[in-house]
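What follows is one structure encoded as structure tokens, with my remarks underneath.
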Amino acid sequence: LEEGKVASQVARDLGISQKTVYGWVAQYKNDPKHAFVGSGNLKPDAQATRDLERENRELREELEILKKAVCIFSNDRK
């Protein structure tokens, strides 16, 4: 886009289909800052969701450990 090249020429130069280039252009125009996510890079909202899911999973594991510890310590006192 910056160089003003047409999609067909870019596609030929890269050895890919024009449809792929048009898809990339559409993604870029839709969200220029986060157009090409991948390779472990997520959009900010997807990253936030992933982080919250991870935190939720860790908290559930910690809760299960604490429940087991309460059972163990309450049985020792009897």
(request) Run the accessible area of region 8-78 with a 1.4 Å probe and give the carbon-and-sulfur part as a rounded percent. (result) 55
(message) Let me spell out the model: positive unit charges on the Cβ of Lys and Arg, negative unit charges on the Cβ of Asp and Glu, origin at the Cα centre of the chain. What dipole size does that give, in debye rounded to 20?
(response) 240
(request) Mind checking the per residue accessible area of the chain for me, 1.4 Å probe, whole number of Å²? (result) 90
(message) Straight-line reach from LYS33: which aspartates and glutamates fall under 17 Å, measuring Cα to Cα and dropping same-chain residues less than 8 apart?
(response) GLU2, ASP45
(request) Take each of the peptides 27-36, 58-67, average the number of other beta-carbon atoms within 10 Å over its residues, and list them starting from the highest. (result) 27-36, 58-67
(request) Check the straight Cα-Cα distances from LYS5 and name the aspartates and glutamates below 16 Å, setting aside those fewer than 8 residues away within the same chain. (result) ASP13
(message) Taking semi-axes √(5λ) of the Cα gyration tensor in Å straight from the coordinates, which label in [x] 43, 19, 13; [y] 55, 11, 7; [z] 25, 15, 11 is the correct one?
(response) [y]
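The values are calculated or read from the model by the stated rules, or taken from the named source; none is laboratory data. Computed from a prediction, not measured in an experiment: that's the story for all the values here. Positions of Cβ are generated from backbone atoms using ideal geometry, with glycine treated the same way; all protein chains shown enter the neighbour counts. SASA here: full protein model, heavy atoms, side chains in, ligands and nucleic acids out. Shrake-Rupley method; radii C 1.70, N 1.55, O 1.52, S 1.80 Å.
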